[in-house]
Every structure is written in structure tokens, then in C-alpha cells.
Amino acid sequence: MSRDFAPQHSSGVLGGIGRACFRHRWLTLLSWLLGVACLITLWTRFGAAPDNSFGASDRGQTLLNQHFRRQSGDTLTLAIRSSGEIRSAAVRTQVSGALAELRRAPGVTSVTGPYQVPSQVSADGHIAFATVQFGVPSAAIPNSEALALMRDARAASGQGTTFSLGGDVVDLAETPYGGPTEGFGIGAAAIVLLIAFGSLLAMGLPLLTAILGIGSGLSLIALLGHFVPAPSFSSIVASMIGLGVGVDYALFIVTRFREALRGDSGGRPSGPALRGDPGGRPSGPALRGDPGGRPSGPALRGDPGLPPEDAVVTAMRTAGRSVLIAGTTVVIGMLGLLVLRQTLLNGVAVAAAATVAMTVLGALTLLPALLGFTGTRLAKPSRLRLPLARRDRPAKARYPSKPAAERWAVMIQRRPVIAAVVSTAAILALAAPAVGMKLSMPDESAQARGTMGHASYATMARGFGPGFDAPLIIAAKLPAGGVSAGTARLASAVRGTPGVATVTPVVVSRDGQAAMLVAYPATGEQDPATDAVVNKISGTVLPQAIRGTGIRAYVTGPNAGNVTFANVIGKRLPWLIAVVVVVSMLLLLVVFRSVVVAVKAAVMNLLSISAAYGVLVMVTQHGWLGHLFGFGEKMPVTTWVPVFLFVILFGLSMDYEVFLLSRIREAYDASGDNSASVARGLASTARVISAAAAIMVAVFLSFVLGADVSVKQVGLGLAVAVLIDATIVRLVLVPAVMELLGKANWWLPAPLARILPTTSRREDEPPAVARVPVSAVD
């Protein structure tokens, strides 16, 4: 007779929360339903309007608002193309009728036609344009009004003359944010869950938990918008991330709950068989029980299944802990956007972080309550006989020599150098195109062919050059009395700037305190040369032209705002990367008590992100498979997309790293065998992480079905990164690198070991104070 240690029930903080929610499941469920309903009601009644401004302040726009109120709102361009001469009597009558309809539209303050300004007629006389001025910004123009104006333009077309409206309002009406993408994402997640679990009940629990978490998170976005304004697309980005992580987090907990109900330890022998040998291999009676060297008797059957309440506690103490760590990492990544100190990005950061936090809260509170209603039903074999669903196996085949994932890990560990080199080379090859990434905000040239916005752009580019899609507004504050000579000098300097095609005459405000002119570059908005023109005018031309005149001049307008936004991002991006990487590494250092693990995780995450950037450039800029993903035209990557991808992907990549490393660390704590721990950790997480990655890829790819090209880029980049992380990184690079590092994986300097809390234990091992000695059966 010998002595060993067996665990008693010890719940810990998360286990205690799970137990309380399980016992009070009706109260927990009703509280969630009531809370979400209240939040949605407050959202609909008091939610803040979206704010799509790219900067905290724009002095030029402020001048326009103060002194050119009629020109301070949004503008639309009516592009006119005719087979006859624009100045002919017949065409003139048709154009004048169309302009009269526009002048009567609500919110329109003025319409400047081609017959008032001769420069608005092309050199060949067959193309012209009119400017439709609103008194309010685009956010205040209802979508119905934009659609009505577009119908009027189509109705006025005919007899060889075509009218096409273009502008931000038209683009938003034709390519609205959102759409059916969320529905496709939920449907795809349901299919993957059904295949993974083979159970409608097990499929429904993660979906219900995620949906309620997202609903509460989106409601909070609108309410928090009064303090931190968020752009229109923030809810789309937040729901995309929330749906992916919400379903995944619930999936991990439900999986561990089913394992605990069934007494399944992930295919490894447990109990005395594991304790018989420090390396985790069965020994003594366990080995003697079967001539083939496999454990038999109690060791063969594994631990007996737990009652539902204890199974919930076990799931919360193990998978729930990993969910909390992973969710915290995602929130840290999103809040890293606050480092950039940009109003638009601040709103998206808070929106996404709030949604992820609510999905984590749902997984840790609502899900245990829902599991309480299921009892032991999730432990039963599935009635759905899906090919990939888990089925009861005959007794003789119940314990194969090793799971397929473990055999794969062993194969990689036999040739770790080759595996590491090949996988790293593949990732770097995918990342290589990112070196030539071009950033710009999408203009109407990126709209799908057949839309009115693209037709307007094509007409204007043909008649006046691509730069007419990227006007630069020069707003000047004049000294007392006005300085006509100073404004003439300013206009001349702008007109003489290389890359400027034309400049409109100077317009002085009625009060004589401000002046305005518009410069049209020779290149389009997405051309890097246009950015150079904007930077030269604002940085060199204007300061020299107004020196000694008492004039203060600013470059403003949507195009100038986009360039300024890109400049700020470029300056502060290194700080963002540093903060997110360092904070995430510190979190992993505390959790896994290993410097090497924290550094390795950060490096591998950066590799995955770089590969996603490269694939995004290949699809959008180079057009490879662009039509397959709904990109009708080649286009640069949207300015803010790489920043969002970095913070989102760094957090999401950490999710799988946390779940995988948690199992590896647990096995290593039990055995001290690095190679065996890596193989067993990979084997025990392969099925659930593969299902989780498939869900995320399906959810993110569903957003490629939307109309907005920027959201499509985000969805494609996220899907590619998760796919690479779940295949090349997790299946090849991680086992290879951890095999090469050996025991160095778990290196922790002594000073840090004394400071850091002890947080890593085997998943089924309670704290030391709760362990009691028991007799081992001989």
C-alpha cells in the first residue's frame, strides 16, 4: 500500500461563480433577459448618433461652419454626360429641368450648374457637372432623401443625356454598413457547431450566449457614444468580433462540460494510471493489466463522470479561466487604439472592447445557468449521425494507441528544424506583398460597377481628370478689413503647386472675415501623388504664401482630412504596437510563468498578422481572386484597416495560444516531459480549437458578402489570419519550436519567480490546501 494525493472538490473564484449561476439558473437567465431588454430599450430611445469625423478638430472646417454656413454642409456632384453639346438648346433645357428638381429637394441650400460657371463644362463640350450644396453634414441627411435624389437623376436621364449623382451620401445609400452578413455568420457558426458536437442542444447554447452578449454590447455602444462617439461602422466591427469570440468562448466551456459529464480526460488515462509515473505514462498494475501495455480496469475507463453541478464547476475552473484570460487579451488589444488619440478610433476601441467584455460575461455567467437546464443530456450520444460527430466506439477500439493530432505532433517533433523552417518560410512568403502596401480611404473608383457612384466618378474622370474626385478646400481667416492682395497671393501659390490641375476663384464670406478656394489635384484620391500634394500645400506652400499677410490658412475637406488622419496614424502606430505587445506579453508571463512562452507567442502572432496583411494586399491591390471576394476593382488598403487588424488579430491569436498553452502547461506540470506535454496538449485541443477556428473563419468571411469595401477588407484579413494561425502556426510552428526549445520553454528567472503569483496548475488539480492523502490501490 502506498500513499498518493487525490483532489477534493475545489471551485475557486470562477468555479464558485459557475456553481452559483448553476444553482440560481432561473434568476440568472431572467436577469440576463431583463437586462438585455432594458439596454436595447435605452439604445432605441437615448442612443447617440454615429460620428464619422476622422479628427478631433479641423480648424479649416470650423472656419467654413462659422463664415460659410451655406457651404459648411455636405456636397453632391451631379455628373452630366451627353451625346450632344452641353450648351445646345435641347440639352440645356433637359439639364435645367434636372437642376430645378434638385433645388427643391429638402436640405439643399444651393445648386451651381455648368451654365453659371463655364469651367464646369469639359473641353470637348460633352461632359459637365453641377454642385449640390447641403446645409447639414452627410450624417444628418436621411438615407431616404439620398435615394429620392438618385431616383430623380435616373428619371431625368434620357435622349442621349445621363445624370449621375456622386458623393458620400450616395455611396452610403448604395453600400450601407451591415446588411445580411450577421445572419450568414450565425448560420455558418451553427453549421460548424452542429458538425463539431453532433447535437442541436450543444449547438444552440453557444449561439444563444453569444447573441445575448452581442445584443447587450451593441446597446452599450450606442449609450457610451454620448461620452466616446463612435463611427457608423463600429457596430459592424464589434458584432463581427463579438460573434466570433462569443461563440468560441462558449464552445470551449461547453466542450469541457461534456468531457466532465462523460468522465473523458481527453483520451489520456487518468487517476492512478497517471500518477504511477512522473512522465504521465501508466506503470505498475496499470501496465500489467494489458499485455499490449495499455492500461486496463479503472485506468482504462478514466475518471467517472461528474454530476452536472460539479461538471459546470470543473468547466468554469479550467476552460472558464482560459476564456477570461483570452477575453482580457482581446480587450487589451482593442483598447490599445486609445494610444493613437483619434476620436474615430477611440470610439471603435471602446465599442469592440465593450462587446467582447459582454460576451465574456455571458460565457462566465449565463452559460453555466443554461447548462444547468440541460442536466445530463449533453453526456448522451448524439442522435445526429454526422460523419464528424463524436460517437460511441466499440470497446476494442475505444483506446487507439494515440490520437491523430498527437501522432502529428510527434512527427513534427522528429524533424523540428525542417518543420520550423518550412512553416516560417511559408508565412514570410505570404507576408512579402505587405511591403508594398498602399493606404488610402476608398473613393468612388472603388465602388462596384453599375452603381451610380461609380458612374459619376467615371464620367468626371473622363471629362475633368481623376483629381476632381479629391478636391482640396483652402479656408483662410482674414485680418480685420480683409486683404485682397494676400488672398490673390495665396491662390497663386496654390495654383503653382506641382500636381494641382485647377484652382477655383477666391470666394470671400459676406462678413469679410474669411475666404475660401478649391484646388483640384491632377491625380485621384487613391493615388499616393495626391497625398504628397496635400502634404506639400499644408506643410510648405501655405506657410510661405501667408507669411507677413496676417492670414491664417488651412487645408480642409474630406480628402485632406484622410491624409492628415493617415499621417497621425503613421507617427503613433509604433507606440500602439509596443503597448499592445508588451501588455499582452506581461499577461502571458503572469499566467504561464515563462518568459520564453510570452515572447514566442508575441512573435508568432506578429507572423500571422503579417501574413494577413500580405494576402490582403494581393487580393485588393493586385486583384488576385479579387472578384471571388467581391472586390470589383483594384484598390489600396483602407487607411484604418491595418491598424484595426493588428489590435484585433493580436488579441484573437492569443486566444488559441492561451487555450493550447494551458493544456500543454498542465501536462508539463504533471509530467515534466516537454515533448510529451506538447503532443498531449495539441491532441487534447485539436478538435475544439479546429472547430473554434472554423467558426471564426466562417463568421469573418460572411462579412466579405457585405457592400462596404472597408468592412470586406477587415473580414478577409481576419479570416486569413485565423486560418493561418490555426493551421500553419498551431499545427506546425508551435510544436516544432517548443521541441527545439525543450525545457527552456518554461524558463523563468528566479527574481520573477518570487514576484509572480503561482497561477499554473494541472486542469484537474485543486489548490494544495485542498489536496488530501488517499490510498492507492495495489
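The values are calculated or read from the model by the stated rules, or taken from the named source; none is laboratory data. The structure displayed is predicted, hence computed values, not measured ones. Reconstructed Cβ throughout: ideal geometry from the backbone, glycine too, with neighbour counts over all protein chains shown. Note: areas computed on protein heavy atoms with side chains; ligands, DNA, RNA excluded. Shrake-Rupley method; radii C 1.70, N 1.55, O 1.52, S 1.80 Å.
Quick notes on this one:
- Length gained when the stretch W26-T112 is fully extended (0.36 nm per residue, less Cα-Cα span): 24.5 nm
- ³J(HN,Hα), Karplus 6.51/-1.76/1.60, whole Hz, each residue of the range 76-86, x for Gly, Pro: 10, 10, 9, 7, 10, 10, 9, 6, x, 5, 4
- Solvent accessible area, Å² - C38, 1.4 Å probe, full protein context: 70 Å²
- Distance-filtered residues of the range 455-495 - backbone nitrogen under 18 Å, label point 7 angstrom along D511 Cα→Cβ: 475-483
- For the pair V13 and L428, the difference between a 0.36 nm per residue extended length and the Cα-Cα distance amounts to 145.2 nm.
- Residues in the range 142-159 carry Karplus couplings, in order, of x, 4, 4, 5, 4, 5, 5, 5, 5, 5, 5, 5, 5, 5, 7, 6, x, 6 Hz; the curve used is 6.51 cos²θ - 1.76 cosθ + 1.60 with θ = phi - 60°, and Gly or Pro positions show x.
- Around E309: net Lys/Arg minus Asp/Glu count, Cβ-Cβ under 9 Å: +1
- Where the range 479-585 is the region considered: accessible area per residue in Å², 1.4 Å probe: 47 Å²
- 3J(HN,Hα) from dihedral phi, the range 681-689, Karplus parametrisation 6.51/-1.76/1.60, rounded to Hz, x for glycine, proline: x, 5, 5, 6, 10, 4, 5, 6, 6
- With both labels modelled 7 Å from their Cα along Cα-to-Cβ, the F227 to R377 distance reads 4.0 nm.
- Residue ranges 187-198, 601-612 sort as 601-612, 187-198 when ordered by packing (mean number of other C-beta atoms within 10 Å per residue, highest first).
- Largest to smallest accessible area among T638, T62 [probe 1.4 Å]: T62, T638
- Subtracting the Cα-Cα distance of S144 and L628 from their residue separation scaled by 0.36 nm leaves 171.1 nm.
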